[in-house]
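Only one structure is covered here, and it is reproduced in the block below.
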Amino acid sequence: MLATTRKGSENDATILIPGWIQLRGELMAAIFCGMLILFAWLMDVRGFIMPSVILYLLAYFIGGFAKAKEGLIDTVENKELNVELLMVLAAIGSAIIGYWAEGAILIFIFSLSGALETYTVSKSQKDIASLMELQPEEAWLLQGGLETKVHVSELAVHDIILVKLGERIPVDGKIIKGKTTVDEAAITGESIPVSKGIQDHVFAGTVNLNGSIKVEITKAIHETLFQKIIDLVQSAQNEKSPSQLFVERFEGRYVKLVLLAVALMLFLPHFILGWNWGETFYRAMILLVVASPCALVASIMPATLSAISFGARRGILVKGGTSLEQLSELKAIAFDKTGTLTMGRPEVTDMIISNEESIEEILSTVVAMERYSNHPLATAIVAYVEQQGFKAVEEVENLEDRPGLGILANHNEQEWKVGKFDFVDQDQAAHFYNGVAAKLAAQGKTLVFIERNGKVVGIIALKDLVRKETKRAIERLKNLGMHTIMLTGDHPQTARAIRNESGIEDFKAECFPESKVTLIKSLKQNYGAVAMVGDGINDGPALATASVGIAVGEGTDVALETADIVLMKNDLCRIAEAVELSKRMNRIIKQNILFSISVIILLILANFIQALDLPFGVIGHEGSTILVILNSLRLLK
């Protein structure tokens, strides 16, 4: 096959600018500012006043330009005063009364804390940048017997592409030729490769590990699951939590209050407390420094971004700070059964054949009858029997499907039935093998009976098995003080068996989507904050009704659309991890807020009793901001 290369189009995907570029600029400015302050101080102690003042002015400009510009732009755009302007005014005020070094140090520490905050943002963007690096930019398009290398933006739905050994799959699609194993770690976080064959779906960003495959594109490049994950994390970082929104609203009012207090302090202490004008102005400048809410403003956003970034690395995608904040408040959590607590597909658990019959004859005939059916039970039975080494007999005759009951056929001049209890001789079915059917049904299993010429000769029991991690996950949630409940459309007997096996506390059976919504509303009245965990499709209304909707579905795009939180792997233990992450985040935010307010109050009081000098005010105020940001960065680990 011939191969050519074609240049990409101009409509390329948007490129994410790494946060480290901005970080490096801010950090270099802060370091250069610090070096200028050091040289200025050395000149000052040697008596070179004018050169030291010039160096201090340069330090002011280099260290404070970015923050001053940011403060002015925000003030003009939002018509609200901000903390950046307070810092600039405090530095200018310090210079006016001759405290050049203190004002410069204020600018230096303020710029350093800004670089630390940018570092937090860049760390949260690093996961997105690393994801985007996994997205191939080119693909082998198959047209007219030719392989043409094109940019992914030129691909369209229904195009056929070739993915070679070791290459990353560039778009979402389905395999139309070839078999392979695919490394889906970028999507699900699961390190074990997944086997894929014809008609199986593959996702952009995953790796083809065996041979070449031909893939028909099913989604445009901007609609792939991979791109939705990137969009989801980016939107989560931009969405602000209630706490962050409150602090931002509080900041504008607080800045006005500080400026009013400083204006009053410029003259009131002179007349009321008898301070001289120099002391009055000096104390007013200290108040301007120490009363600024820098640490308070930095208490929430770095912590939230760090937590969202950490969760994304663990396969927990949160759609915003609001959802993450609410997780710690949950008192109850409801689970859908099928595909959430269980595997989502029936599997054969028991196969009992009469001792008087030939197992090979019976099972070979059953496979011959069931292999043409698309029913999940039939698929599970065929797969199980073939695993046992039994092959289908030659074509059965007069095959007839009885909807809701089973399958009827003739083979070797005998009439065969495979189906429900009501489809065969009910008396024989009830007493077969000492009444084993009742025992199996009590375990929540679905029964398929085999009848030959009016005689029941076998029973096949199937069950949607509980996931291995379900019991452990439920136990962890109980330890966190949550009430657990299962909502399912199954019969109460089946629901009870799953409840006992999973360790869940309560269940509601025979639930339709609308009744799940009613039950979620009832749980919210009884418990307050309630989460709903489902697959994101038929559970959509309940997910939307719950305080927090959590979707599990191995990264299905429907789950990404409907829930507040998405677990990229079907690992329910991640829910407890998310709750614990939320508790850690809220605990650190409270620590930050309490610490920052305490420092502000302490510094203000010390200033009023004239026990605080400007250098210590600068160190105390800006040092608390740096400590708050460093405390938030602990959430990255």
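Restricting region 431-511 to trypsin sites (Lys or Arg not before Pro) that sit in a DSSP loop and have at most 11 other Cβ atoms within 10 Å of their own Cβ leaves 468.
Can you tell me the dipole magnitude for region 399-536 around its Cα centre, using point charges on the Cβ only (Lys, Arg +1; Asp, Glu -1), in Debye to the nearest 20? Walk me through the intermediate numbers first.
Values: 20 positive and 18 negative charges, 158 e Å.
Dipole size: approximately 760 debye.
Ignoring lysines fewer than eight residues from residue 590 along the same chain, the ones with Cα atoms less than 19 angstrom from its Cα are 240, 637. For helix 19-45, report the angle its Cα long axis makes with the longest principal axis of the Cα atoms of the chain; keep it between 0 and 90° and round to the nearest 10°. So the helix axis and the longest Cα principal axis differ by about 20 degrees.
Evaluate the charge dipole of the chain about its Cα centre and quote only its size in Debye, nearest 20, assuming +1 on the Cβ of each Lys and Arg and -1 on the Cβ of each Asp and Glu. Numbers along the way, then the final one.
Numbers: 60 positive and 73 negative charges, 446 e Å.
So the dipole magnitude of the chain works out to roughly 2140 debye.
For region 414-425, putting each phi into the Karplus relation 6.51 cos²θ - 1.76 cosθ + 1.60 with θ = phi - 60° gives couplings of 10, 8, 10, 10, 10, x, 6, 4, 6, 8, 10, 5 Hz, in residue order, rounded to whole numbers and with x for Gly and Pro. The order of the peptides 270-276, 313-319, 159-165 by mean Cβ neighbours within 10 Å, most packed first, is 313-319, 159-165, 270-276. Positive-end ranking of 57, 512, 632 along the dipole of the chain, with charges on Cβ about the Cα centre, is headed by 57. Note on the chain: Rg/Rh from Cα positions, Kirkwood definition for Rh, rounded to two decimals, is 1.14.
Close amide-amide hydrogen proximity is noted between residue 181 and 196, 209, 210, each under 5 Å apart and 5 or more residues distant or on a separate chain (H modeled in the peptide plane; Pro and chain starts excluded). What is the angle, in °, between the Cα long axis of helix 225-238 and the longest principal axis of the Cα atoms in the chain? Nearest 10 is fine, range 0 to 90. Rounded to the nearest ten degrees, it is 30.
Three semi-axes describe the equivalent ellipsoid of region 357-501; taken as square roots of 5 times the Cα gyration tensor eigenvalues and ordered largest first, they are 34, 17, 13 Å.
Given Cβ point charges of +1 (Lys, Arg) and -1 (Asp, Glu) and nothing else, what value in debye, to the nearest 20, does the dipole of region 335-458 about its Cα centre take? Don't skip to the answer; put the middle values down first.
Values: 11 positive and 20 negative charges, 123 e Å.
Dipole magnitude for region 335-458 comes out near 600 debye.
For the chain, the solvent-accessible area with a 1.4 angstrom probe is 47 square angstrom per residue. Classify region 556-637: rounded, prolate or oblate, from the alpha-carbon gyration tensor (a ≥ b ≥ c, eigenvalue square roots; a/c under 1.5 rounded; otherwise prolate if a/b is larger than b/c)? Prolate, because a/c is 1.5 or more and a/b exceeds b/c. Proximity of backbone amide H atoms, modeled 1.01 Å from N, is registered between residue 529 and 331 at under 5 Å, excluding neighbours fewer than 5 places apart on the same chain. In a DSSP loop and with at most 13 other Cβ atoms within 10 Å, the trypsin sites (Lys or Arg not before Pro) in region 375-420 are 391.
Ordered by packing density, taken as the mean number of other Cβ atoms within 10 Å over each peptide's residues, highest first, how do 277-289, 196-208 rank?
Values: 277-289: 21.1, 196-208: 18.8.
Put in order of decreasing packing, that is 277-289, 196-208.
Seen against the Cα atoms of the chain and their longest principal axis, helix 614-632 is set at about 10 degrees.
Comparing 414, 165, 221 along the charge dipole axis of the chain, the residue lying farthest to the positive side is 221, per the Cβ-charge model. Sorting 580-593, 621-634 by average packing, meaning the other beta carbons within 10 Å per residue, from highest down gives 621-634, 580-593.
With a 1.4 Å probe and every protein chain kept in, tell me what percent of the accessible surface of the chain is carbon plus sulfur. The computed percentage sits at 58. When the pairs 337/508; 179/391; 196/569; 214/391 are compared against a 21 Å limit on Cα-Cα distance, 179/391; 214/391 fall above it. Considering only 36, 592, 398, the residue lying farthest towards the positive end of the dipole of the chain is 36, judged by Cα position with unit charges set on Cβ.
How large is the helix-only mean residue ellipticity at 222 nm for the chain, computed as the sum of -39500 (n - 2.57) over DSSP H runs with n ≥ 4, divided by its residue count, in deg cm²/dmol to the nearest 500? It would help to have the intermediate numbers written out before the result.
Working: 23 runs with 330 residues, N = 637.
That comes out to -17000 deg cm²/dmol.
The values are calculated or read from the model by the stated rules, or taken from the named source; none is laboratory data. Computed from a predicted model, the values in this text were never measured in an experiment. So basically every Cβ, Gly included, is an ideal-geometry build from the backbone, and we count neighbours across all protein chains shown. For the accessible areas, the whole protein counts, side chains as well, though only heavy atoms, and no ligand, DNA or RNA atoms are used. Shrake-Rupley method; radii C 1.70, N 1.55, O 1.52, S 1.80 Å.
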